[in-house]
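The values are calculated or read from the model by the stated rules, or taken from the named source; none is laboratory data. The structure presented is a predicted model; accordingly, all values stated were derived computationally and were not measured. Every residue, glycine as well, gets a Cβ built from its backbone with ideal geometry; the counts of neighbours run over all protein chains shown.
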Amino acid sequence: MMGFVLSILYLITYYLTPAYLFGPLANAHIELIIVVLVLIVSVPALMRSFLLKNSQSLAIIGLAIAVFLSFLIGKHWAGGGVRSFLDFIPNGMAYFLVCLHCNSKRKLQVLILMMLSVCLFVIAHGAFDLQHGVPESVPAPGSTLRKGTTASPYLLSQENDSGQSTYRLQGLGEINDPNDFGQLIVCVIPLMFIFWRTKKMITNIPFVILPVCVLLFGVFLTHSRGALLALTAVAIVAARRRIGALPAVLLVGGLFAAAMALHFTGGRDISATAGEDRTALWGQGIELLKTHPLFGVGYHDVYESTEGYLTVHNSVIVCAAELGLFGLYFWSLFLFSTLRDALAIASPLKVSQEEPIIPEKSPFPQSAWRIEEIDKVEINRLGRLMVLSLTGFLVAGLFLSRSFVVTLFLLGGMAEVVYEMALRRGKIAPRLRLARVLLYSGGLEVALVLVMYIMVRILNLMR
């Protein structure tokens, strides 16, 4: 239980920043103390964990090595490699912490409540500041502020296509961008239905429907085009199971048109022409991959190699440009393994109805998985929620440079926890052999590069 509590505290610190949570104590690097404590209490759980034979664990280790090599070989700077390695590890740790300590549905619910709380916290502060008026900040002499920075850390001022100024909601720390925060909200929305109870509308309204409505309002306040497209994709995937693919596309397409008419994106258009700047950056990212094919230009250093010192705004291209084909392979390995397992537990054909498997006795009580009463229907439902959340993350990621953020590894860990629940209850076949996973991941890597290259060429022709 201590490991779980510290894991939640660690994730909250990531999203809300040590400075906000601990104030002056942040100077003592409280987050590092939390990391050390989490590692200490996680050792017993690791002894019996499936992590030691999991392809995602190999992927994260490979990514950490790729991050180091991107500086050591790409820039001939070992010190930069160590710095980047230490910068990446806290993100990848989210996967291990979730797999080690969130080993029951109840703990998954607490984890989702933590994500919801972060979103509601930012939405409430941003809405309050927006209601009371927010003047723009003036940088102090000798300092610089991001364009559009305001006196509120939760609001960013930006002009739309008509030249009118609008405020966009953003978070703190690693989600201090409207698009990043919008991506997080889209991921949380489907996860909220883990609290849904059939024929219990009295509890569903306050615990599911109302929070989802507030989250949708939060997406609106971000005015993020990527978040709206991601939300549209999630809605289509969710609706197609109920009403079929074509009706789902037509229905969600109508809602998308209504959202655009209501200025959901703050007066900014969604089209190939409106996205010319990002398309050009995608092209620059692919050119960087061509010139640095093996180990990339350096972790988090892609902006130094683009015109105007801008990032590429595409998670796949950013990973390829920063870490090269070596790093993109391990990113593809993590992505393939996670999506494959999430789709498996979401499929009624792959989940059977068997009796629970009683776990062996362990010298470490906290490491044993508790066998809850979870049937095939519930496993499938949890799997579908994970697929929807991952869909939102990946679609939004097409327009964001967020290849290595905690949210990706957190969702990957949650998917594996549900898969392990099904596996330990004898409801699903064991994971694919590592040799096959490695082969398929290589195919995914090639497919991702080709798809992005073709997309850039097509979009350039449409300009």
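Remarks
- Scanning the stretch 271-306 for residues that are modelled with pLDDT of 75 or more, hydroxyl-bearing (Ser, Thr, Tyr) and in a helix (DSSP H, G or I) returns THR279, THR291, TYR303.
- Annotation: of all residues in the stretch 342-379 being among the polar types (S, T, N, Q) and at pLDDT below 50, the one that is surrounded by the most Cβ atoms within 10 Å (Cβ to Cβ) is SER367.
- Every pair of residues 6+ apart whose Cβ atoms lie under 6 Å, when the first sits in the stretch 121-132 and is farther than 15 Å from ASN176 by Cβ while the second is crowded, with 17+ Cβ neighbours inside 10 Å and not acidic (Asp, Glu): LEU130/TYR167
- Filtered residues of the stretch 17-65 (kept if within 17 Å of VAL98 (Cβ to Cβ) and β-branched (Val, Ile, Thr)): ILE34, VAL35, VAL38, VAL41, VAL43, ILE60, ILE61
- Taking the criterion of being more than 17 Å from the chain's Cα centre (by Cα), within 23 Å of LEU6 (Cα to Cα) and among the aromatic types (Phe, Trp, Tyr), the residues of the stretch 42-101 that qualify are PHE50, PHE85.
- Count of the stretch 168-208 residues which are more than 21 Å from SER401 (Cα to Cα) and in contact with a Gly (Cβ under 8 Å, 6 or more places away or on another chain): 2
- For the stretch 7-87, the helices (runs of 4 or more DSSP H) that sit wholly inside it and include 3 or more residues that are modelled with pLDDT of 80 or more and over 22 Å from LYS107 (Cα atoms) are 18-22, 55-72.
- Candidate set from the stretch 384-402 (those that are surrounded by fewer than 24 Cβ atoms within 10 Å (Cβ to Cβ) and not in a helix (DSSP H, G or I)); member that is modelled with the highest pLDDT: LEU398
- The sole residue among LEU111, LEU100 that is at pLDDT 90 or above, part of a helix (DSSP H, G or I) and at negative phi is LEU111.
- Failed item in (1) crowded, with 19+ Cβ neighbours inside 10 Å; (2) polar (S, T, N, Q); (3) over 27 Å from TYR329 (Cβ atoms), with ASN27 passing the rest: (1)
- Candidates THR311, THR338, filtered to the one that is at pLDDT below 90 and not hydrophobic (A, V, I, L, M, F, W, C): THR311
- Answer residue from the stretch 67-82, given it is out of contact with any helix residue (DSSP H, G or I) (no Cβ under 6 Å at 6 or more places or on another chain) and surrounded by 15 or more Cβ atoms within 10 Å (Cβ to Cβ) and is nearest to PHE404 (Cα to Cα) among those: LEU69
- Looking only at the stretch 424-463, and only at residues there that are of a type in the set (D, E, K, R) and surrounded by 11 or more Cβ atoms within 10 Å (Cβ to Cβ), the one that is nearest to PHE330 (Cα to Cα): GLU445
- All positions within the stretch 322-352 that are of a type in the set (Gly, Ala, Ser), in a helix (DSSP H, G or I), within 19 Å of VAL377 (Cα to Cα) and touching a residue at least 60 places away in the same chain (Cβ under 8 Å): ALA342, ALA344
- The set of residues from the stretch 177-226 being part of a loop (DSSP other than H, G, I, E, B) and buried (at least 23 other Cβ atoms within 10 Å of the Cβ) comprises HIS223, SER224.
- Scanning the stretch 192-234 for residues being out of contact with any strand residue (DSSP E or B) (no Cβ under 9 Å at 6 or more places or on another chain), over 22 Å from SER315 (Cα atoms) and of a type outside the set (Ser, Thr, Tyr) gives a total of 24.
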